[in-house]
Structure formats: structure tokens, C-alpha cells
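Take a look at the structure set out below.
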Amino acid sequence: MKILLNKNDLNEALNKVSNIGFVPTMGSLHKGHISLIKKSLNECKYTVVSIFINPQQFNNKEDYKKYPKNIKKDLSILKKLKIDFVFLPDKKTIYSKKRGIKIKISKREKILCAKFRKGHFEGVLDVMDRLTKLIKPNKIYMGEKDYQQLYLVKNFIEKRYKSKIISCETIRDKYKLALSSRNFLLKRKYLKKARLLTNNLIIFKKRLKKQKNMKNLIKKKIIELSKIYKVKFDYLEIRNRKNLKLSRKIESSKLFFAYSINDIRLIDNF
Ligand code: AMP
């Protein structure tokens with residue numbers, strides 16, 4: 001495994017290399033990330049994993065500061081997986097070139113997390129644009145856990161580059177909570193609550209199938225869960241899985257939700 005720190009390292013390493021799978025991450029690796037990496041190792045000749053906590057996609061300075069960091073452990077995980085290259089750029093390497101035209105997402109797209117985290121996806125698209133330009137991967141592996149991110153990045157990158165975005169299923173712990181680096185920030189009692197809340201919503205979604213007054217039931221569910229688990233919901237919505245439009249057809253939809261628990265923001269969909 002070669003560690004690449006800057007553009008020179010990257011150019012030197014990837015110069016004559018083709019069939020590249022790329023897994024962008026912000027580190028604090030868990031089994032979710034590992035499943036993406038394994039898919040890339042299976043499908044591509046070379047696998048590049050990047051670890052970069054992108055300041056541009058944090059709409060809140062405190063959130064950026066407290067984002068978990070575990071670089072030593074991450075490198076040992078990556079070494080064991082036998083990936084070819086790990087890219088560890090600093091802010092200067094990524095943002096040395098100023099962007100001519102600012103990336104904007106449309107009004108229609110300002111839903112779910114885009115509504116609650118101003119500038120977040122603009123930051124994600126910007127860094128994905130820069131990383132794709134540098135690495136020129138054939139395939140980019142991304143998780144369904146961040147479904148709206150996957151949707152926006154796919155539309156953005158596939159229009160501009162030859163790289164294909166490969167969507168990967170969400171990996172959960174044995175209590176069905178989606179794995180997330182942010183889970184490392186949760187004390188045991190909050191982790192337990194997050195697991196119970198997830199299970200509650202899995203059952204809720206199954207029951208919604210037969211109901212007519214969905215909007216009302218969702219409203220009530222937000223109130224109920226906020227009270228029981230002392231969480232603050234940003235949203236709990238049923239949306240079509242293809243175009244993310246609000247929907248009542250459960251079969252072609254996903255339940256999307258985001259909430260804060262003890263000031264840690266978690267998102268999921270199923
Ligand atoms: P992050 O490091 O949180 O920015 O995530 C890097 C990539 O891993 C993104 O494409 C995420 O969607 C994906 N990812 C994060 N958690 C999971 C999970 N539990 N299952 C599958 N993919 C995940």
C-alpha cells in the first residue's frame with residue numbers, strides 16, 4: 001500500500017495505471033467503508049481510498065472540529081485490506097485552485113439534508129469534482145446510507161466525467177443501526193437509543209403500507225420518537241427512490257430521516 005500525500009505523488013503513482021476504483025471517505029473507517037473497498041478490490045485492478053475531512057461540506061464549525069479522527073487505525077485497516085493507494089491530501093492540495101463558477105444545487109434539490117445543512121452538498125460536489133479530476137477513476141464507490149449524496153454526486157459526476165458511480169448497500173450493526181463514523185461519538189446509552197429508534201421506524205414503515213393518512217401518522221411519529229428518545233428530527237419523509245419526490249407509494253419509496261441525539265446528527269433511509 002502506497003501513501004500519497006499530494007498531486008505529485010498521485011501523478012507519479014497513477015500515471016500509467018488504468019482500471020481504477022476509487023472510494024472517497026472522511027476516515028474513521030468502519031464495516032460500511034470496508035464493504036465499498038472490498039467491492040472496488042473485486043471489480044477493479046487498482047483501488048484508491050482517500051481520507052479527507054472536507055471542511056467545505058460542514059455547515060457548522062463545531063461539527064467539523066469534533067468529527068472523529070482515527071488515522072492510525074484507518075491505515076492499519078487499509079493495509080490489511082491490501083489496497084493499492086491511500087490518498088491523504090491536506091486542504092491546500094485539494095483547494096489550491098480557485099473555482100471559476102461556484103457550484104450550486106437547484107431549488108428543486110433543496111430538500112432533506114440540503115434544506116437543513118446549507119452549503120453542505122455544494123461542498124460535497126466541489127470536493128468530488130476535484131478528487132475525480134485528480135484520480136480519474138473508472139468507478140467511484142458510494143454508500144446508499146447517504147442516499148441524497150449518492151443521487152446528487154451521480155448526476156453531477158456522470159455528466160462531466162467518464163467515471164461511473166457504483167451504489168453500495170447500507171451496512172448495519174446487528175441491531176440494524178446503520179454504521180456511521182458519527183456513531184463513534186455516541187455514548188453507550190445514546191447508541192442504544194439510536195438502535196431502538198431505528199427499529200421503531202423499520203416497523204413503522206412496514207405498517208405505513210396499509211394507511212391512508214400517512215402525513216398525519218408521520219407527524220405523530222416525529223412527536224412520539226422525539227419524546228421517548230429525546231431526539232430532534234430535521235425530517236422524516238417518504239420519497240420516491242428514483243427522483244426523491246415526496247410520495248405515498250411505499251413500494252417505490254424510501255423512508256428518509258435525520259435527527260440529532262445528544263447533539264450528534266444521524267441520517268438513514270430504508
Ligand atoms: P464518509 O466517510 O462518512 O464520508 O463515507 C464515505 C462513503 O462511505 C460514503 O459513500 C458513504 O455513503 C459510505 N458509507 C458510510 N456509511 C456506510 C454504511 N453504513 N454502509 C455503506 N456505506 C456507507
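General observations
- Where helices (runs of 4 or more DSSP H) fall entirely within the range 21-130, those with at least 3 residues that are of a type in the set (D, E, K, R) are at 31-43, 61-66, 71-81.
- Residue-level check: of (1) at pLDDT below 95; (2) closer than 18 Å to Asn269 by Cβ, Ala194 misses just (1).
- Residue match in the range 88-102 (condition: closer than 21 Å to Asn138 by Cα, modelled with pLDDT of 95 or more, surrounded by 12 or more Cβ atoms within 10 Å (Cβ to Cβ) and within 14 Å of the ligand (Cβ to nearest atom)): yes
- Any hit, the range 132-154, residues being under 21 Å from Leu255 (Cα atoms), of a type in the set (Gly, Ala, Ser), surrounded by fewer than 17 Cβ atoms within 10 Å (Cβ to Cβ) and modelled with pLDDT of 95 or more: no
- Under the condition of being open to solvent by 30 Å² or more (accessible area, probe 1.4 Å), modelled with pLDDT of 95 or more and not polar (S, T, N, Q), the residues counted in the range 247-269 number 3.
- Checking Glu62 against (1) within 14 Å of the ligand (Cβ to nearest atom); (2) without any contact (Cβ under 8 Å) to a residue 40 or more places away in the chain; (3) more than 28 Å from Lys162 (Cα to Cα), the condition it does not meet: (1)
- Boolean, Glu144 is charged (D, E, K, R) and within 12 Å of the ligand (Cβ to nearest atom): yes
- In the condition set (1) over 21 Å from Arg117 (Cβ atoms); (2) open to solvent by 50 Å² or more (accessible area, probe 1.4 Å); (3) within 12 Å of the ligand (Cβ to nearest atom), Lys209 is compliant with all but (3).
- Output for the range 168-181, where each listed residue is surrounded by fewer than 19 Cβ atoms within 10 Å (Cβ to Cβ) and farther than 10 Å from Lys145 by Cα: Asp173, Lys174, Tyr175, Lys176
The values are calculated or read from the model by the stated rules, or taken from the named source; none is laboratory data. Computed from a predicted model, the values in this text were never measured in an experiment. Please note: Cβ atoms are built from the backbone with ideal geometry, for glycine as well, and neighbour counts cover all protein chains shown. Side chains included, ligands, DNA and RNA excluded: accessible areas come from the protein's heavy atoms. Shrake-Rupley method; radii C 1.70, N 1.55, O 1.52, S 1.80 Å.
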